[in-house]
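The values are calculated or read from the model by the stated rules, or taken from the named source; none is laboratory data. Note that the structure is predicted; figures quoted are calculated from it, not measured. Reconstructed Cβ throughout: ideal geometry from the backbone, glycine too, with neighbour counts over all protein chains shown.
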Amino acid sequence: MPLVPMRTLLDHAAENGYGLAAFNVNNMEQIQAIMLAAKETDSPVIIQASRGARKYTNDAYLRHLMLAAAELYPAIPIAMHLDHGNSFDTCMSAIEQNFTSVMIDGSLQEDGKSPADLAYNVAVTKKVVDAAHARGITVEGELGCLGGIEDGHGAGLTGDEAMKHLTDPNQAGEFVAATGVDALAVAIGTSHGAYKFSKPPTGAVLRMDVILEIHKRLPNCHMVMHGSSAVPQDLKAKINQFGGKLKPSWGVPVEEVQLGIRNGVRKINVDTDNRLAITAAIREVFAVTPEKFDPRDYLGPAREGMKAICVDRMVAFGQAGHAGQIKPVTCKQMIAFYAK
Ligand code: G3H
Ligand code: 13P
Ligand code: ZN
């Protein structure tokens, strides 16, 4: 089936009480890993690419790889999403490249670093929503700023500074109504990358209460959790066993994501866990069989390692078993939906 608008998947997830992992990709093996996991678990799929991923991969390669996935797996609905779009132009360029969903991250200014004020966020998000919905494309907005920094994107906020930029539940209703976003990314103390928390997180730093409060006020709002990798200790240990130098850190426990899913979270962004799985597999091959030099000998195990993470998250978030139930809707059909 053609790539589907993400809104279709979010609505189905809300109606059936599950969450969808949104996995970041930068190359063919990552797309293959996700699709293998989706096939094995009968899961609908959200694949997302950041600006950095688009630059690294090149839009043309990415577009054709995604079309290949849709062709090879006609029974699995796949949404192609832009992660952390920094401007109207970036979002429009993604739509031209076949993305069926875009994130406009108006919580930061166009530089992708400086926190923006609410008026700027509402204005840029609404501009993207108007243009995207006219084409049947889904839009995710963000209120509040995530901590950390990834590939040049992010305000780099840590500690108390990060806590000052959490999503304010009092602003959520106004933001969603004023912009018309399909999904709302919330800042609840998580950050991108492997160094989220210095010890297993408590409710003081991982503010799930913000999600519960927004869900109470906006029960129909599809929320998005960013920076939601679990940072598995066994993968970090394996990386370090085979020559890596990762420092101690903790991620977002899967049970906390599941609590979010019971309270309106429909999309969960996962990148770091897959990066760790890939690195662990490659380091092991290099350390145990240093005579190997065929990329298939280490990219194959890397793909398997990522697939295992994807299967695990698809089952844990509840999307497994739902692919076959989703009636494919095209972006063209969504134009009429938004016009109402
Ligand atoms: O936005 C966060 C994702 O992990 C993507 O990271 O910008 O390094 O591709 P990236
Ligand atoms: P992680 O770094 O926790 O995987 O988060 C990814 C993310 O939020 C992408 O937008
Ligand atoms: Zn993110």
Top-ranked residue of the stretch 3-26 - restricted to ones that are within 16 Å of ligand 2 (Cβ to nearest atom) and touching a helix residue (DSSP H, G or I) at 6+ places or on another chain (Cβ under 9 Å), ranked as farthest from Ala75 (Cα to Cα): Asn26
Note on the stretch 68-87: residues of a type in the set (Asp, Glu), surrounded by 19 or more Cβ atoms within 10 Å (Cβ to Cβ) and more than 16 Å from ligand 1 (Cβ to nearest atom) are none
Only one of (1) in contact (Cβ under 8 Å) with a residue 40 or more places away in the chain; (2) of a type outside the set (D, E, K, R); (3) under 25 Å from Leu276 (Cβ atoms) fails for His322. Which number is that? (3)
Is it fair to say Ala14 is within 16 Å of ligand 3 (Cβ to nearest atom), hydrophobic (A, V, I, L, M, F, W, C) and in a helix (DSSP H, G or I)? no
Looking only at the stretch 105-129, count every residue that is away from ligand 3 (no atom under 16 Å from the Cβ), under 28 Å from Phe337 (Cβ atoms) and in contact (Cβ under 8 Å) with a residue 24 or more places away in the chain and tell me the total. 7
Only one of these conditions is not met by Ala131: (1) surrounded by fewer than 22 Cβ atoms within 10 Å (Cβ to Cβ); (2) part of a loop (DSSP other than H, G, I, E, B). Which number is it? (2)
Need the failing condition index for Ala53 against (1) closer than 23 Å to Gly180 by Cβ; (2) within 16 Å of ligand 1 (Cβ to nearest atom); (3) not β-branched (Val, Ile, Thr), just the number. (1)
Hey, could you check the stretch 264-322 for residues that are of a type in the set (Phe, Trp, Tyr) and over 22 Å from Gly227 (Cα atoms) and say which is farthest from ligand 2 (Cβ to nearest atom)? Phe293
Which one of the conditions (1) within 16 Å of ligand 3 (Cβ to nearest atom); (2) modelled with pLDDT of 95 or more; (3) hydrophobic (A, V, I, L, M, F, W, C) does Cys145 fail to meet, given that it meets all the rest? (2)
Let me spell it out: the conditions are (1) within 16 Å of ligand 2 (Cβ to nearest atom); (2) surrounded by fewer than 22 Cβ atoms within 10 Å (Cβ to Cβ), and Ile47 meets all of them except one. Which number is the exception? (2)
Note: among Ser107, Ser101, just one is within 26 Å of Ile326 (Cα to Cα) and in contact with a His (Cβ under 9 Å, 6 or more places away or on another chain), namely Ser101
For the stretch 161-170, which positions are outside any loop (DSSP other than H, G, I, E, B) and either buried (at least 24 other Cβ atoms within 10 Å of the Cβ) or within 16 Å of ligand 2 (Cβ to nearest atom) (or both)? Ala162
Contact list please: Cβ distance under 6 Å, first residue in the stretch 79-99 and closer than 18 Å to Lys113 by Cα and within 12 Å of ligand 3 (Cβ to nearest atom), second residue among the aromatic types (Phe, Trp, Tyr) and not in a strand (DSSP E or B), pairs at least six apart or on different chains. Leu82/Phe99
State the number of residues belonging to the stretch 190-209 that are under 25 Å from Ser101 (Cα atoms) and in contact with a Leu (Cβ under 8 Å, 6 or more places away or on another chain). 3
I'd like to check which helices (runs of 4 or more DSSP H) are fully inside the stretch 35-118 and have at least 3 residues that are small (Gly, Ala, Ser) and at pLDDT 95 or above. 59-72
With the first residue restricted to the stretch 213-230 and required to be within 16 Å of ligand 2 (Cβ to nearest atom), and the second required to be basic (Lys, Arg) and not in a loop (DSSP other than H, G, I, E, B), Cβ contacts under 6 Å at 6 or more apart or on different chains are His222/Arg266; Val224/Lys267
